[in-house]
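For reference, the structure discussed in these notes is given below.
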Amino acid sequence: MRELRRGADKPCSCIFRAIFKLCYSRFCEFAAAEEQPGSVSLDSAHGPSGYRSYSFKRQEYVADFCLAARRALTEPEYKLFRYTFLLGADSQLCCRYLGMERGYYFHAVYRLEAKLGRYFAEIEPYPLYPVDEYMGGTVRSARIVMQSELEPRRRRRERLPMTA
C-alpha cells in the first residue's frame, strides 16, 4: 500500500500486475488444454428456469478473460495485448510490428498489466480474481453456525419405573 497526501492508502501497481499474472497463468493453463473439453460443473442458481445450471468453467474463464480485456483496453492497448499475450510474440517482433522503441514497449506492457489486474479484480458482479472463487462459486471464510448449536442442550430426565 502506498500512502497518499490526504492520508488515504492506495494499492501499488505491482499488486495489480501480480493479479494480472495470476489470471494470465490460469488463462494459459486452460487455453493449452483446449483439446480436452474439461469437466462439466453443476451449479445451483436461483432463477425462473430452475435451481441448477450446467457449465464448462474453464472455457467460460478463457472467454471472460478475453472479453474483459477487450472491454477494459483502448484499441492500441488491445493490439499490444493481443500480440504480446494472446499470440505470444516476443518483444523484438512486437516492437518492430507496432513501431515502438524497446523501453517504451516494456513500460506500455507494465501499464497494461496494472490496468488489467485492477479491472480483473474489480469487475462486477463476478471478478476474475481470485480465480478459485470464480471457479467454485462463493467461498465462505467463516463457519456457518446452526441454530441447534446456539441453543443449550437440555438433559433428558431419566424416567424411573413407577412402582405401585
Notebook entry, point to check: Which of the peptides 13-24, 112-123, 97-108, 65-76 is most tightly packed, and how do the rest follow, judged by the mean count of other Cβ atoms within 10 Å per residue?
Noted result: 112-123, 13-24, 65-76, 97-108
Check: Considering amide H positions built from the backbone, and no H for Pro or chain starts, which residues 5 or more places from Leu128, or on another chain, come under 5 Å of its amide H?
Finding: Ile123
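Each value in this text was obtained by applying a stated rule to the coordinates, not by laboratory testing. Only a predicted model underlies this, so the values are computations on that prediction, with no experimental measurement involved. In this analysis, Cβ positions are derived from the backbone assuming ideal geometry, glycine residues included, and neighbour counts consider all displayed protein chains.
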